[in-house]
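Just below is one structure, and these are the notes that go with it.
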Amino acid sequence: KKGERTKKAPLPFTTSTLQQEASKALNFATGKTMQIAQQLYEGVDIKGRGTIGLITYLRTDSTRISDTAETQVREFIDKTYGAENITKEVNTGKSNKKIQDAHEAIRPTDVNITPAEVKEQLSRDLFRLYQLIWKRFVASRMASAVYETTSVKVAADKYIFNASTSKLNFQGFMQVYTDSDSEKVTTDNVIAKLTKESELSLVEFNENQHFTQPPAHFTEAVLVKALEEQGIGRPSTYAPTITTIISRRYVSKEQKNLYVTELGEVVNNIMKQAFPSIVDVN
C-alpha cells in the first residue's frame, strides 16, 4: 500500500521550547541558554550597522509573530527558496488558557540578517543559538515536508508480518531546519520494490522480546517541558528554578541526568509533612 504523509513545520520558539531544543541540539544548560539569549536580545556589535538586538524578547509563552515580521519572512523565503516553499496555512499550535501572550515568539528581529552574515562577529555560543532561533523561525513559515510511504504485509503460514518505509519527496521546511527529535528517514529500497506478486523466502527468524522501559530520569529539557505542562512557574522562572535546586544540592546533575540527592529527599519529606497544600502539584 503506497501513501503520503506530511510533516508540519514547527512553531517558532517560546522560552520553554528554546530551552528544550538548545539543551538537546547544543547541549546547553537552561541557565546558559537564557544568558546567551539575553546577550543576543540586548545587542551585539555588527560591522557597519552598530549595535543591534538580534532577537526579540526572550521570556515569552506565545508563538504569535507580528504582521511586519510575517511579511518580511515570506518575502525572504520567496526570494531564497522559491514561492512553492511558503506555507499557505500558518500552524498556530494548541491554544493554552495559561498563556499570557504578552510578547511575540522568540524570533530574529530582522530575518535578512542571516547567521552566515554575522558569524564572524559572534562568539561560537552566540552564533549557534542565533542560528537555531533564525532557522526555526524561517522554517515555521515554510511548507510542510511530504513523505511517500510504503507499507507491506507479508503472509507467512498463519502469521502476518508488517514492514514499512518512507521516502522524502518534498523537503519543504526541512531544507532549513530539522529538530533534534526528527525521525531519521531510512529508505529501505527492498521494501519499496515489492509488489503484490512478490514471493519471499525465509532466510532467518530473529526472536526478540521487548520490555517497556520505566521512565528515564529528568534532564533539564524534559523538566522544563514538565514544568510548562503542569503550569508550574512562568517562562522567566524555569531556568532559575533549575539552577536553584542544583546549587542547593537538592538535585545533582550527572552528564545530562538530574538525580535527587539525600538532602533533596529529606527536604521534600519535611515539606510534604509541613506544607501538604503548597507542595501539591495540582
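The values are calculated or read from the model by the stated rules, or taken from the named source; none is laboratory data. Not measured: the values here are computed from a predicted model. Positions of Cβ are generated from backbone atoms using ideal geometry, with glycine treated the same way; all protein chains shown enter the neighbour counts. Note: accessible area is taken over every heavy atom of the protein model, side chains too, but ligands, DNA and RNA are not part of it. Shrake-Rupley method; radii C 1.70, N 1.55, O 1.52, S 1.80 Å.
Taking the criterion of being farther than 24 Å from residue 170 by Cβ and open to solvent by 90 Å² or more (accessible area, probe 1.4 Å), the residues of segment 49-90 that qualify are 49, 51, 64, 67, 68. Would a scan of segment 70-89 turn up a residue that is closer than 22 Å to residue 242 by Cβ and of a type in the set (Lys, Arg)? For segment 70-89, residues closer than 22 Å to residue 242 by Cβ and of a type in the set (Lys, Arg): absent.
Considering segment 212-253 alone, what residues qualify as being in a helix (DSSP H, G or I) and hydroxyl-bearing (Ser, Thr, Tyr)?
Of segment 212-253, the ones in a helix (DSSP H, G or I) are 220-229, 238-247.
Correct list: 238, 241, 243, 244, 247.
Just one of (1) assigned to a helix (DSSP H, G or I); (2) surrounded by 12 or more Cβ atoms within 10 Å (Cβ to Cβ); (3) out of contact with any Leu (no Cβ under 7 Å at 6 or more places or on another chain); (4) not acidic (Asp, Glu) fails for residue 41. It is (3).
Starting from segment 68-95, take each residue that is under 13 Å from residue 107 (Cβ atoms) and list its partners that are at pLDDT 90 or above and assigned to a helix (DSSP H, G or I), counting only C-beta distances under 8 angstrom and pairs at least six apart or across chains. Close Cβ pairs satisfying both conditions: 73/137; 73/138; 76/138.
Return the residues of segment 1-38 that are part of a helix (DSSP H, G or I) and hydrophobic (A, V, I, L, M, F, W, C); say none if nothing qualifies. Working first, answer last.
The first filter runs over segment 1-38 and keeps only residues part of a helix (DSSP H, G or I), leaving 15-26, 30-38.
Those that are part of a helix (DSSP H, G or I) and hydrophobic (A, V, I, L, M, F, W, C): 18, 22, 25, 26, 34, 36, 37.
Out of 258, 263, report the one residue that is of a type in the set (A, V, I, L, M) and open to solvent by 70 Å² or more (accessible area, probe 1.4 Å). Write out each step before concluding.
Details: 258 fails: open to solvent by 70 Å² or more (accessible area, probe 1.4 Å).
So the residue among 258, 263 that is of a type in the set (A, V, I, L, M) and open to solvent by 70 Å² or more (accessible area, probe 1.4 Å) is 263.
Determine whether segment 99-118 contains at least one residue that is at pLDDT 90 or above, buried (at least 16 other Cβ atoms within 10 Å of the Cβ), among the polar types (S, T, N, Q) and over 23 Å from residue 48 (Cα atoms). Looking through segment 99-118, none of the residues is at pLDDT 90 or above, buried (at least 16 other Cβ atoms within 10 Å of the Cβ), among the polar types (S, T, N, Q) and over 23 Å from residue 48 (Cα atoms). Look at residue 151 and say whether it is closer than 18 Å to residue 4 by Cβ, modelled with pLDDT under 95, open to solvent by 80 Å² or more (accessible area, probe 1.4 Å) and not aromatic (Phe, Trp, Tyr). Answer is no for this residue.
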